[in-house]
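The values are calculated or read from the model by the stated rules, or taken from the named source; none is laboratory data. Everything quoted here is computed from the prediction, not taken from an experiment. We place every Cβ from the backbone using ideal geometry, glycine too, and count neighbours over all the protein chains shown. Just so you know, the surface numbers come from the protein's heavy atoms only, side chains and all, with ligands and any DNA or RNA stripped out. Shrake-Rupley method; radii C 1.70, N 1.55, O 1.52, S 1.80 Å.
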Amino acid sequence: MTSSSSDPIKIGVLFSSSGVTSAIELSQQRATILAAEEINDAGGIDGRELQLVLRDPASTPARYATLIEQLIVDEQIRVVMGCYMSSTRKAVMPLVERHNALLFYPTLYEGFEYSRNVIYTGAAPNQNSLPLADYMLTHFGSRVFMVGSDYLYPYESNRIMSDLVYERGGEKLAEVYLPLDADWDSYLAVAKRIAAQAPDFVFSTVVGTGIAHLYRAFAEVGLDPYRTPIGSLTTSETEVAAMDAALGEGHLTAATYFQSVDNPVNRRCLANYHRRFGDHHVTDMCWEAAYFQMHVLANAMRQCGGDDVNALLNTLPGLELDAPQGRVRIDEHNHHTYLHPRIGRLDRRGQFEIVSEASGWTRADPFVISHSLVEPPGLASPAAEVQR
Ligand code: ACM
């Protein structure tokens with residue numbers, strides 16, 4: 001099929017509006033819509049409108065695979081924004097690669113992956129697990145209880161966290177997994193076990209609707225977040241907004257963006273977002289990655305004149321953008337993103353007070369070559385003047 005130079009450019013959008021992770025994925029979807037509308041309001045891609053084609057994969061890996069193939073083959077779409085759970089990214093990757101399409105993935109994940117056809121804009125383990133391990137072991141103690149949802153990401157993330165804990169002289173008391181749709185009683189049983197084992201902190205990679213159960217059960221058994229906090233990689237403002245926000249108070253999350261980041265870009269984005277979707281919506285780390293990756297894509301499309309994947313793959317590496325979290329950069333070598341690691345502590349309103357942050361951007365080390373916050377020589381950041 002040929003397209004004329006004034007045709008809209010179709011972009012596939014695969015975030016779930018149903019299923020266990022729909023709250024965070026709808027947040028990613030709204031961010032994608034907001035950014036696309038901003039791009040179109042500013043004239044699109046040299047006059048061509050971005051046209052989003054949205055589908056609901058229902059938090060189910062097989063649906064992601066079916067829908068991405070429909071988008072690529074039937075709709076002739078070259079670029080897709082999508083996926084939250086790593087199981088869903090793994091399900092679409094072979095199809096994206098087979099059809100030489102391009103996936104932008106705006107979610108923190110376990111690393112140990114590179115694809116020519118994926119741009120990773122969420123945190124790699126050295127951008128969230130590593131700072132969280134250092135912070136929690138320094139401030140709370142060395143005895144850790146790990147709890148996660150029962151799928152790929154929590155297993156891999158706990159494997160990495162276990163190495164970091166052992167290297168720092170810590171001890172793992174337990175590693176527990178709950179089904180994605182586990183009920184209240186299951187979480188209550190885990191919270192009772194946590195109370196009985198009295199760890200110094202809990203490391204959580206629970207996702208989706210289970211997050212509210214975990215924090216409520218924690219309070220129910222009388223655990224005090226100021227003595228035994230949960231340190232998480234997955235609990236964001238959006239999941240806290242879906243529970244009684246006060247239940248989160250005192251718990252911590254490592255992320256590369258919080259709504260509370262105070263800079264002009266974030267303030268402007270928040271104002272646009274609230275005007276477009278209403279004041280009641282909060283933002284979160286996955287929202288922010290979904291937002292800035294659309295602007296990175298638009299800048300790349302303007303430079304290479306459209307959505308040809310090979311041209312985009314030549315253009316994207318090295319691109320930089322002033323994102324709500326700070327300046328970000330698509331890595332020339334590994335398709336991940338230079339991001340700004342932070343640790344936040346929840347207040348009663350479900351917002352994070354930033355208690356620690358890296359002094360600048362941190363290059364992604366997806367294969368966790370370094371186990372230290374100090375980058376080894378091979379991972380040094382590029383000179384500031386290397387900008388496109
Ligand atoms: C995740 O599954 N990458 C959160």
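Kindly list, by first and then second residue, each pair from a residue in region 154-177 that is within 19 Å of Arg193 (Cβ to Cβ) and acidic (Asp, Glu) to a residue that is open to solvent by 60 Å² or more (accessible area, probe 1.4 Å) and not in a loop (DSSP other than H, G, I, E, B), limited to pairs with Cβ atoms under 8 Å and residues at least 6 apart or on different chains.
Correct list of pairs: Glu171/Arg143.
Is it true that Ala298 is in contact with a Gly (Cβ under 9 Å, 6 or more places away or on another chain), in a helix (DSSP H, G or I), crowded, with 16+ Cβ neighbours inside 10 Å and touching a residue at least 40 places away in the same chain (Cβ under 8 Å)?
yes
Take His371 and decide whether it is over 21 Å from Ala133 (Cα atoms), modelled with pLDDT under 95 and open to solvent by 50 Å² or more (accessible area, probe 1.4 Å).
So His371 does not fit the description; no.
Mind listing whichever residues of region 112-134 are surrounded by fewer than 24 Cβ atoms within 10 Å (Cβ to Cβ) and either farther than 22 Å from Pro229 by Cα or of a type in the set (Ser, Thr, Tyr) (or both)?
Hits for region 112-134 are Phe112, Glu113, Tyr114, Ser115, Arg116, Asn117, Val118.
Filter region 202-224 down to the residues that are in a strand (DSSP E or B) and within 14 Å of Ile24 (Cβ to Cβ) and list them by number.
Within region 202-224, Thr205 is the sole residue that qualifies.
Every residue, every condition in (1) in contact (Cβ under 8 Å) with a residue 60 or more places away in the chain; (2) touching a helix residue (DSSP H, G or I) at 6+ places or on another chain (Cβ under 7 Å); (3) not basic (Lys, Arg), yes or no:
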| site | (1), (2), (3) |
| --- | --- |
| Arg216 | no, yes, no |
| Pro229 | yes, no, yes |
| Asp244 | no, no, yes |
| Gly248 | yes, yes, yes |
| Arg268 | no, no, no |
| Phe277 | yes, yes, yes |
| Trp287 | yes, yes, yes |
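Under 7 Å between Cβ atoms, at least 6 apart or on separate chains: pull out the pairs that start in region 83-104 with a residue that is in contact (Cβ under 8 Å) with a residue 12 or more places away in the chain and end on any residue that is assigned to a helix (DSSP H, G or I) and among the basic types (Lys, Arg).
Going by the 7 Å Cβ cut-off, the qualifying pairs are Cys83/Arg89.
Listed residues Arg349, Arg275; which is among the basic types (Lys, Arg), under 30 Å from Asp224 (Cβ atoms) and open to solvent by 10 Å² or more (accessible area, probe 1.4 Å)?
Result: Arg349 is the single residue among Arg349, Arg275 that is among the basic types (Lys, Arg), under 30 Å from Asp224 (Cβ atoms) and open to solvent by 10 Å² or more (accessible area, probe 1.4 Å).
Can you spot a residue in region 36-52 that is surrounded by 17 or more Cβ atoms within 10 Å (Cβ to Cβ) and within 16 Å of the ligand (Cβ to nearest atom)?
No, region 36-52 contains no residue that is surrounded by 17 or more Cβ atoms within 10 Å (Cβ to Cβ) and within 16 Å of the ligand (Cβ to nearest atom).
Just one of the numbered conditions (1) under 15 Å from Ala133 (Cβ atoms); (2) buried (at least 18 other Cβ atoms within 10 Å of the Cβ) is not true of Val207; which one?
Answer for Val207: the failing condition is (1).
With the requirement that a residue be surrounded by 15 or more Cβ atoms within 10 Å (Cβ to Cβ) and under 18 Å from Arg302 (Cβ atoms), what does region 1-31 give you?
If the condition is that a residue be surrounded by 15 or more Cβ atoms within 10 Å (Cβ to Cβ) and under 18 Å from Arg302 (Cβ atoms), then Ile9, Lys10, Ile11 are the ones that fit.
Can you tell me which residue within region 73-90, out of those that are hydrophobic (A, V, I, L, M, F, W, C) and open to solvent by less than 10 Å² (accessible area, probe 1.4 Å), is farthest from the ligand (Cβ to nearest atom)?
Ile77
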